[in-house]
Amino acid sequence: MKRLISGCVLALALLTFVPWSLAQKSAAAEKAVADLEQQWLKSQRTNNVALLEPLLAEGFTNTSSEGKVTNRAESIAAAKATKYTSVDYLDVKVMVFGDTAIAIGGFKGTGTDPFGKPINANERFTDTWTKMADGKWRCVASHQSTVKM
């Protein structure tokens, strides 16, 4: 009888601890990815691509609001040639699913694109992040959609 009670107490303790532990890991991952999104924003605010480069996975793919698909090297080159005068993220939310995280939010930015044309962007974005073998989060895909006013 004592073994049964001890077993039930242990099982109850584990059932309580495991969800709490997973919630803690998820909250830490959400914060880590949110911080990386803020680093991305800082790279745009300061026109400093060196802040962006370590965030993008080797196989990174971007789909712009115009539907153009670019790889990591092309995206970095475009970021170097784009000059923002103002940028802001709005309502960023991060959801974690194991070793994958999805960040969604709004983006508003003004400046000039790589061709010298004015930018007046009002977009929604979805960034897909993966926790890599080295334990670091990297963005593997990004997608932007224009928000019509």
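In the stretch 84-109, what residues are free of Cβ contacts under 8 Å to residues at least 40 places away in the same chain, surrounded by 14 or more Cβ atoms within 10 Å (Cβ to Cβ), under 23 Å from N48 (Cα atoms) and not basic (K, R)?
Answer for the stretch 84-109, where residues must be free of Cβ contacts under 8 Å to residues at least 40 places away in the same chain, surrounded by 14 or more Cβ atoms within 10 Å (Cβ to Cβ), under 23 Å from N48 (Cα atoms) and not basic (K, R): I104, F107.
Looking at T100, T128, T82, T46, can you tell me which residue is touching an Asp or Glu at 6+ places or on another chain (Cβ under 8 Å), farther than 17 Å from T146 by Cα and among the hydroxyl-bearing types (S, T, Y)? Step through it out loud before you land on a result.
Values: T100 fails: touching an Asp or Glu at 6+ places or on another chain (Cβ under 8 Å); T128 fails: touching an Asp or Glu at 6+ places or on another chain (Cβ under 8 Å); T46 fails: touching an Asp or Glu at 6+ places or on another chain (Cβ under 8 Å).
One residue alone meets the criteria, T82.
Which residues, taken from the stretch 120-149, are surrounded by fewer than 16 Cβ atoms within 10 Å (Cβ to Cβ) and either on the phi < 0 side of the Ramachandran plot or touching a residue at least 40 places away in the same chain (Cβ under 8 Å) (or both)? Working first, answer last.
Taking the stretch 120-149 as the starting set, the residues that turn out to be surrounded by fewer than 16 Cβ atoms within 10 Å (Cβ to Cβ) are 120, 122, 126, 132-136, 145-149.
Scanning the stretch 120-149 gives N120, N122, T126, M132, A133, D134, K136, S145, T146, V147, K148, M149.
Just the residues that are surrounded by 17 or more Cβ atoms within 10 Å (Cβ to Cβ) and either farther than 21 Å from G111 by Cβ or touching a Gly at 6+ places or on another chain (Cβ under 8 Å) (or both), please, taken from the stretch 57-83.
A57, F60, T61, R72, T82
If L22 satisfies every condition in (1) assigned to a helix (DSSP H, G or I); (2) at pLDDT 95 or above but one, which is the exception?
(2)
The values are calculated or read from the model by the stated rules, or taken from the named source; none is laboratory data. All values reported here derive from a predicted model rather than from experimental measurement. Cβ: placed from backbone, ideal geometry, glycine included. Neighbour counts: every protein chain shown.
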